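Colleague: Structure provided below as structure tokens; questions to follow.
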Amino acid sequence: MVKLSVIVPFYNVQQYAPDTLKSLRANARDDFEFILVDDCSRDETPDILARAERELPGAVHVRHEKNGGLATARNTGIDAARGEYLTFLDGDDWLAPGYYEQLLASIEDLGCDFVRTDHVQCTARARTVHRVPHGRRGVVLDPREAILPADRSTSVDYAYAWAGIYHRRLADRGLLHFTDGLRTAEDRPWIWRLHREAESFAAVGLLGVFYRRGVASSLTQIGDVRQLDFIRAFDQVVRETAQDRDADKLLPKAVRTYCAIISHHLGSIERFEPPVARKLKSMSAVALRRMPQDVLDDALDSMDIQRATRLRRLRRRPAAAGVTA
């Protein structure tokens with residue numbers, strides 16, 4: 001039986017894929033499988049992965065005939081996974097040797113639905129440790145209790161899918177799949193759903209994932225229309241949270257986070273192509289009007305004056321014809 005399935009999407013990462021695959025080899029075990037999903041790369045990535053399928057123990061190479069984005073590639077991997085536990089890695093990141101064995105041991109010892117871990121962010125030569133924003137470590141908790149408070153960073157704001165490990169029963173319940181076609185912020189509805197609907201989780205102080213920031217091909221570095229998928233993602237968060245039994249408690253957090261993300265993008269709007277910048281403003285204005293207005297009022301009142309003023313001004317912006325998310 002496969003104990004752990006590691007799902008690794010790749011797209012045009014020929015420069016980084018060898019390091020990623022080398023780190024997977026340093027984590028291989030007879031009962032681990034590595035599902036390498038090529039999302040229709042146009043560089044040398046497919047050749048690198050074809051070679052890895054022959055040389056990396058446990059490798060399974062899956063190729064998309066059409067580029068679908070990170071969410072869709074991860075779903076392909078989930079559907080192919082046979083493991084009792086699942087985890088993720090991105091095709092331009094890497095791991096410490098033996099990390100997955102420690103990660104697996106942590107969730108088996110705790111016996112919970114999922115475990116969240118810290119990680120190392122790598123920007124050029126700089127290394128920064130980023131920790132799960134939850135103080136209690138190594139203790140099994142109710143995931144719903146880690147969503148609030150609304151005005152502080154919590155576990156749902158630490159949305160990295162690869163910073164953790166997940167029991168197969170979550171996939172069987174439909175909680176691990178991502179929203180197909182989301183090009184960015186795909187992990188936001190995902191982490192919110194996990195915390196609302198899973199039964200148990202824990203945070204552990206385990207470091208082993210090295211997250212590469214500033215990659216030129218990453219969507220976080222490209223100001224094109226795909227970036228605007230964050231609106232679809234957060235619309236989903238708000239819509240699903242509004243249907244939750246604790247909607248009155250949880251919606252303020254969802255709306256406030258959505259507002260903070262809109263404000264963040266507006267604050268760096270110069271990185272977007274001009275037509276995309278105009279669309280960002282129009283779509284964000286419509287998104288603000290879709291939110292529960294009483295909850296939005298409270299969220300804006302709780303924010304600093306600069307962000308609140310920016311969002312109130314946008315809220316008053318006339319709706320452009322035909323603008324949707």
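Colleague: So, in region 133-156, of the ones that are open to solvent by less than 40 Å² (accessible area, probe 1.4 Å) and not in a loop (DSSP other than H, G, I, E, B), which residue ends up farthest from TRP94 (Cα to Cα)?
Modeller: ARG144
Colleague: Within region 114-132, can you find the residues that are of a type in the set (A, V, I, L, M, F, W, C), open to solvent by 60 Å² or more (accessible area, probe 1.4 Å) and in a strand (DSSP E or B)?
Modeller: Residue satisfying the conditions is VAL129 alone.
Colleague: Kindly indicate whether LEU103 is modelled with pLDDT of 95 or more and out of contact with any helix residue (DSSP H, G or I) (no Cβ under 7 Å at 6 or more places or on another chain).
Modeller: Spelling it out, LEU103 is indeed modelled with pLDDT of 95 or more and out of contact with any helix residue (DSSP H, G or I) (no Cβ under 7 Å at 6 or more places or on another chain).
Colleague: While we're here: Can you find, within region 45-93, the residue that is farthest from GLY181 (Cα to Cα) among those that are over 16 Å from the mean Cα position of the chain (by Cα) and among the acidic types (Asp, Glu)?
Modeller: GLU55
Colleague: Could you tell me which numbered condition ALA171 fails, if it satisfies all but one of (1) within 14 Å of the chain's Cα centre (by Cα); (2) in a helix (DSSP H, G or I); (3) more than 20 Å from VAL209 (Cα to Cα)?
Modeller: (1)
Colleague: Output yes when any residue across region 81-104 is in a helix (DSSP H, G or I), open to solvent by 10 Å² or more (accessible area, probe 1.4 Å), over 22 Å from LYS22 (Cα atoms) and not hydrophobic (A, V, I, L, M, F, W, C), and no when none is.
Modeller: Checked region 81-104: no residue is in a helix (DSSP H, G or I), open to solvent by 10 Å² or more (accessible area, probe 1.4 Å), over 22 Å from LYS22 (Cα atoms) and not hydrophobic (A, V, I, L, M, F, W, C).
Colleague: Considering region 92-146 alone, what residues qualify as being closer than 26 Å to ASP39 by Cβ and of a type in the set (Gly, Ala, Ser)?
Modeller: Passing the criteria: ALA96, ALA124.
Colleague: Please list, ordered by first then second residue, the pairs with beta carbon atoms under 6 Å, 6 or more apart or interchain, first in region 158-183 and more than 15 Å from SER5 (Cβ to Cβ), second open to solvent by less than 30 Å² (accessible area, probe 1.4 Å) and of a type in the set (Asp, Glu).
Modeller: Sorted first by the residue in region 158-183, then by its partner, the pairs are ALA159/ASP187; PHE178/GLU186; LEU182/ASP229; ARG183/ASP229.
Colleague: Kindly check whether there is at least one residue in region 248-271 that is open to solvent by 60 Å² or more (accessible area, probe 1.4 Å) and more than 24 Å from ASP187 (Cα to Cα).
Modeller: yes
Colleague: Looking only at residues in region 190-206 that are assigned to a loop (DSSP other than H, G, I, E, B) and crowded, with 21+ Cβ neighbours inside 10 Å, which one is farthest from the chain's Cα centre (by Cα)?
Modeller: LEU206
The values are calculated or read from the model by the stated rules, or taken from the named source; none is laboratory data. This is a predicted model, so every value here is computed, not measured. Neighbour counts are summed over all protein chains in view; Cβ atoms, including those assigned to glycine, are modelled from backbone coordinates with ideal geometry. Note: accessible area is taken over every heavy atom of the protein model, side chains too, but ligands, DNA and RNA are not part of it. Shrake-Rupley method; radii C 1.70, N 1.55, O 1.52, S 1.80 Å.
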